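The values are calculated or read from the model by the stated rules, or taken from the named source; none is laboratory data. Quick caveat: nothing in here was measured; it's all calculated off a predicted structure. Here the Cβ positions follow ideal geometry from the backbone for every residue, glycine too, while neighbour counts run over all protein chains shown.
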Amino acid sequence: MISDVEKKKLAADADGLLTYEYIANHIADMDDADLDWLVENMINVDLTGQFVVSAARYLYATDPEEYAPAVDRLVAAGIEKDRERRYIGGLLEALYGADYAARAAELSANDDNFRRIYKRLFGNNPF
């Protein structure tokens, strides 16, 4: 469980890096409540989407099934925050595989985050 002292320190995180590092360094000993708090904190403090996207990629690479709810929240936040489209493009291959472009129509029909990322990056380009 995250101590109140750590929560106070992480709540003052300037950009999400401290929160990302905390997740990476404590992934083995976090419970669901800790992870929920950390995800919410990162969403609140990361204004550009850089660290929410990085955290989504990290959690997905660690265990895509166990961390699916957190990854989904982080990806949705990354889509909203990354207005310059500097970070969300990396999610396509990391989360959906190298063949995501060939499966774009299928993925768009079944995954709202994929559809939103693809649309943000490629506009209304048909698949």
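The single condition among (1) in a loop (DSSP other than H, G, I, E, B); (2) surrounded by 15 or more Cβ atoms within 10 Å (Cβ to Cβ); (3) hydrophobic (A, V, I, L, M, F, W, C) that Leu91 does not satisfy is (1).
Name the residue that is nearest to Arg116 (Cα to Cα), counting only residues in segment 78-87 that are assigned to a helix (DSSP H, G or I) and touching a Gly at 6+ places or on another chain (Cβ under 7 Å). I'd like the intermediate steps shown before the answer.
Of segment 78-87, the ones assigned to a helix (DSSP H, G or I) are 78-81.
This time we only want the ones that are touching a Gly at 6+ places or on another chain (Cβ under 7 Å), so: 78, 81.
On the way: Gly78: 11, Lys81: 13 Å.
Restricting to residues being assigned to a helix (DSSP H, G or I) and touching a Gly at 6+ places or on another chain (Cβ under 7 Å), the top hit is Gly78.
Considering only residues in segment 1-27 that are small (Gly, Ala, Ser) and not in a helix (DSSP H, G or I), the one that is surrounded by the most Cβ atoms within 10 Å (Cβ to Cβ) turns out to be Gly16.
Does Val71 satisfy the criteria of being modelled with pLDDT of 95 or more, closer than 24 Å to Arg115 by Cβ and in contact with a Gly (Cβ under 6 Å, 6 or more places away or on another chain)? Break it down stepwise before answering.
Values: modelled with pLDDT of 95 or more: yes; closer than 24 Å to Arg115 by Cβ: yes; in contact with a Gly (Cβ under 6 Å, 6 or more places away or on another chain): no.
So Val71 does not fit the description; no.
Contact annotation: residue pairs with Cβ atoms under 9 Å, 6 or more positions apart or on different chains, pairing a residue in segment 45-63 that is in contact (Cβ under 8 Å) with a residue 12 or more places away in the chain and charged (D, E, K, R) with a partner that is in a helix (DSSP H, G or I) and surrounded by fewer than 20 Cβ atoms within 10 Å (Cβ to Cβ), are Asp46/Leu17; Arg57/Gly90; Arg57/Ala94.
Filter segment 52-68 for residues that are part of a helix (DSSP H, G or I) and either touching a Gly at 6+ places or on another chain (Cβ under 6 Å) or of a type outside the set (Lys, Arg) (or both) and give the result. Of everything in segment 52-68, those that are part of a helix (DSSP H, G or I) and either touching a Gly at 6+ places or on another chain (Cβ under 6 Å) or of a type outside the set (Lys, Arg) (or both) turn out to be Val52, Val53, Ser54, Ala55, Ala56, Tyr58, Leu59, Tyr60, Ala61, Thr62, Ala68. Here is a check on your reading of the model: is Arg103 within 22 Å of Asp15 (Cα to Cα) and among the basic types (Lys, Arg)? The answer is no for Arg103.
Would you pick out the residues in segment 89-111 that are closer than 18 Å to Val52 by Cβ and more than 14 Å from the chain's Cα centre (by Cα)? The one that is closer than 18 Å to Val52 by Cβ and more than 14 Å from the chain's Cα centre (by Cα): Asp111.
Scanning segment 28-45 for residues that are under 18 Å from Pro69 (Cβ atoms) and surrounded by 15 or more Cβ atoms within 10 Å (Cβ to Cβ) gives Met30, Asp34, Leu35, Trp37, Leu38, Val39, Asn41, Met42, Ile43. Can you name the residue in segment 94-105 that is surrounded by 13 or more Cβ atoms within 10 Å (Cβ to Cβ) and part of a helix (DSSP H, G or I) and, of all such residues, is modelled with the lowest pLDDT? Ranking the qualifying residues of segment 94-105, first place goes to Ala104.
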